[in-house]
Amino acid sequence: MDYNELSITRLKDKLESGEVTSVDLIEEYFKRIEKYDNSIEAFLTLNKEEALKKAKEIDEKRKNGEQLGYLAGIPVAIKDNISTKGLKTTCASNIIKDYIPPFDATVIENLKNADAIIIGKTNLDEFAMGSSTETSAFQITKNPWDISRVPGGSSGGSAAAVASQMAPFSLGSETGGSVRQPASFCGLVGLKPTYGLVSRYGLIAFASSFDQIGPFTRNVEDAAIVMNVIAGYDKMDSTSVKREKENYLDGLKNDIKGLKIGVPKEYLEGLEGNVKSQMEQSIKTFENLGAEVEMMSLPHSGYGLETYYILAPSEASSNLARFDGIRYGNRSSNYNNTEELFVKTRSEGFGEEVKRRIMMGTYCLSSGYYDAYYKKAQEVRTLIKNDFDKAFEKYDILISPTTLSTAFKIGEKNDDPIAMYQSDKLTVGVNIAGVPAISIPCGLSDNMPIGLQIIGKNFDEAKILNVAYNFEKEINFKQTPDLGGVK
C-alpha cells in the first residue's frame, strides 16, 4: 500500500491497528521527499533524525499501551516562518538564514502535544511577502501539477509538500491569502481561521493585524482534525480570543438544506479561463444540495487590494525594523560606523520585494502622508468589514472563486509587481475583515486545479467546514498531480 496517498484519518487507523508503525511511515515519507523534492523544492530544512527518534518513542508507547495524542505518529510539514525549537527558521531570507529558535510557537507545542511528527520546514516567499514563492532567497518551489508553474504564495512550499504527497498535512500562514491561494493552485483544502482563533505566538510577524496560521490538507475532514488541535485561547498572544473550544468534526454531520448563500458580484469580475464556468457549476451543486443561492454585493470590495497594500506594508515596515544586524540576524562585515552597519546589513539581507514593501510602508507612515494613506486605508478597512457584517445578517455564508485564474507560469509576473498583487484580489477582503474562509478544489482547467472559496462570519469555522464537506462529497474531487515525469 502507498501510505503517502492516505488521509490523516486513514493513516491514524493504520497506525492504531498496527498495520504500519510510526517509523515505517516516517521512512516512507522521507523516501518520497528524496525522490521528488530535488524537482519540487518544497522543503528548506529536513528533520529526519529527530523525526525518526520521535517515531520510535511513539511506537514504544503504543506497544506498551500508553496514552498517545490524537495525531500520534502522523507527519507534518511546517512553513519556515513558524518558530520550531532547535530547528532552523529562516523566513526564506538571508537576514536570518542561520536562526535557530530557542522556543516553539504555540501551534507547534499543540502539534507536539498531539504527538504529530515534524518532518521539515517548507519554503515561502521571503517573510511571506509574495504570491508565488518566487521571492524566497533560497529556491523557487514548483507546482506539482505542472512544474513550469508556481504553487502560489506565500505558503507555496507547504502547499506543494502536501500536493506531492511528501506530507499528509502542513501548516502555512495567511496575511492576504497565503493559505487559500496556494491551496487553490495546488488542488488542496486550505483554511484561514478567524483572527484570534489560532495563536500566532511564535509566528514571525509580517503584518500583525492580518497574520494568521492555517492548515493545508487533502480533504475537509483532515482540516477539521487539524483545527481541533491548533485552535484555542493562548495567553501568549494578546489577540487570542478566550472562548469555548469546539469539536470541528462534529459539525460535519449536518446537511445544508435551506442554507442561504450569497455570491458577491464583485468577486466574479475578471475571471480567466474556465474559472467562471466552474463557479457557475459550483452554484448549481449547492442548489442541488438544497441551498438557496443569490447574487449580492460587497460594495467596497473594489478598494480591498489598495487598502491591503497600504496597511500590510506599513505594518511590515515597523515589524521588520528589528532586523538591524545588532539585535537580530546576520550582520554586514563591511561598515565604518553604526549608520553604515544598519544600511549595509539590511541592503544585503533583504530581497527586492521585501525592500519594496518596507519602502511603501515607510512612505505611507511618514509625516505629511500618514493621513492621506494609512489613516484613509484604515477608514476604508472599516467600510469593508461593515460590508461583511451586513452580508452575514442575510446570508449564512458567501462563496466565490478563490483566485481569478489557475496557477501561472514561473517568471510570468516577476517584472510586474502590480500584476502579481492582483493575484490576491479575491482573498484580501477576508483578511481585511478578519473573518474565516476555506478554499477547496472545485474542478480542473487544462489539468490545473480551480479553488472555490467559502467565507463565514467570525468564529463560524464549523459552518464553513460543514458546507465544504457537503460540497466535497457531492463533487467527489479525487484528482491528484501526476508526478510520473518529475525526477
- Can you name the condition, by its number, that Thr106 falls short on among (1) touching a residue at least 60 places away in the same chain (Cβ under 8 Å); (2) open to solvent by 40 Å² or more (accessible area, probe 1.4 Å)? (2)
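Report yes if Ile358 is in contact with a Phe, Trp or Tyr (Cβ under 6 Å, 6 or more places away or on another chain) and touching a residue at least 40 places away in the same chain (Cβ under 8 Å), otherwise no. Full working, then the answer.
Numbers: in contact with a Phe, Trp or Tyr (Cβ under 6 Å, 6 or more places away or on another chain): no; touching a residue at least 40 places away in the same chain (Cβ under 8 Å): yes.
Considered against the rule, which asks whether it is in contact with a Phe, Trp or Tyr (Cβ under 6 Å, 6 or more places away or on another chain) and touching a residue at least 40 places away in the same chain (Cβ under 8 Å), Ile358 comes out as no.
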- All-but-one check, Gly73 against (1) surrounded by 16 or more Cβ atoms within 10 Å (Cβ to Cβ); (2) on the phi < 0 side of the Ramachandran plot, failing number (2)
- Where residues in the stretch 1-54 are open to solvent by 80 Å² or more (accessible area, probe 1.4 Å) and in a loop (DSSP other than H, G, I, E, B), which of them is farthest from Lys85 (Cα to Cα)? Met1
- Message: Among (1) under 13 Å from the mean Cα position of the chain (by Cα); (2) open to solvent by 10 Å² or more (accessible area, probe 1.4 Å); (3) within 19 Å of Gly429 (Cβ to Cβ), there is one condition Ser209 misses while meeting the rest; what is its number?
- Response: (1)
- Item | Filter result (open to solvent by 30 Å² or more (accessible area, probe 1.4 Å) and either under 14 Å from Leu398 (Cα atoms) or basic (Lys, Arg) (or both)) within the stretch 267-279 | Leu268, Lys276
- Task: Working only within the stretch 55-78, note down all residues that are in a helix (DSSP H, G or I), touching a Ser or Thr at 6+ places or on another chain (Cβ under 8 Å) and not aliphatic (A, V, I, L, M).
- Result: Lys56, Asp59, Arg62
- Task: Identify all residues within the stretch 79-88 that are assigned to a loop (DSSP other than H, G, I, E, B) and buried (at least 24 other Cβ atoms within 10 Å of the Cβ); write none if there are none.
- Result: Asp80, Asn81
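In the set Ala462, Ala419, which member is more than 16 Å from Phe185 (Cα to Cα) and at pLDDT 95 or above?
On the way: Ala419 fails: at pLDDT 95 or above.
One residue alone meets the criteria, Ala462.
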- Message: Ile410 - would you say it is among the aliphatic types (A, V, I, L, M) and either at pLDDT below 95 or open to solvent by less than 10 Å² (accessible area, probe 1.4 Å) (or both)?
- Response: no
- Item | Filter result (touching a Gly at 6+ places or on another chain (Cβ under 8 Å), open to solvent by less than 10 Å² (accessible area, probe 1.4 Å), part of a loop (DSSP other than H, G, I, E, B) and closer than 19 Å to Phe388 by Cα) within the stretch 173-196 | Pro193, Thr194, Gly196
- Message: Can you list residue pairs whose Cβ atoms sit under 6 Å apart, with the first residue in the stretch 293-307 being open to solvent by 60 Å² or more (accessible area, probe 1.4 Å) and the second being part of a helix (DSSP H, G or I) and of a type in the set (Val, Ile, Thr)? Count only pairs 6 or more apart in sequence or on different chains.
- Response: Tyr303/Val380
- Item | Members of the stretch 109-129 that are open to solvent by 10 Å² or more (accessible area, probe 1.4 Å) and touching a Ser or Thr at 6+ places or on another chain (Cβ under 7 Å) | Ile118
- Message: Name the residue that is farthest from Glu306 (Cα to Cα), counting only residues in the stretch 362-385 that are open to solvent by 80 Å² or more (accessible area, probe 1.4 Å) and not charged (D, E, K, R).
- Response: Ser367
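Mind checking which residues of the stretch 140-172 are hydroxyl-bearing (Ser, Thr, Tyr), open to solvent by less than 10 Å² (accessible area, probe 1.4 Å) and not in a strand (DSSP E or B)?
Correct list: Thr141, Ser154, Ser155, Ser158, Ser164.
The values are calculated or read from the model by the stated rules, or taken from the named source; none is laboratory data. Note that this is a predicted model, so its numbers are computed, not measured. Backbone-built Cβ (ideal geometry, glycine too); neighbour counts: all protein chains shown. Just so you know, the surface numbers come from the protein's heavy atoms only, side chains and all, with ligands and any DNA or RNA stripped out. Shrake-Rupley method; radii C 1.70, N 1.55, O 1.52, S 1.80 Å.
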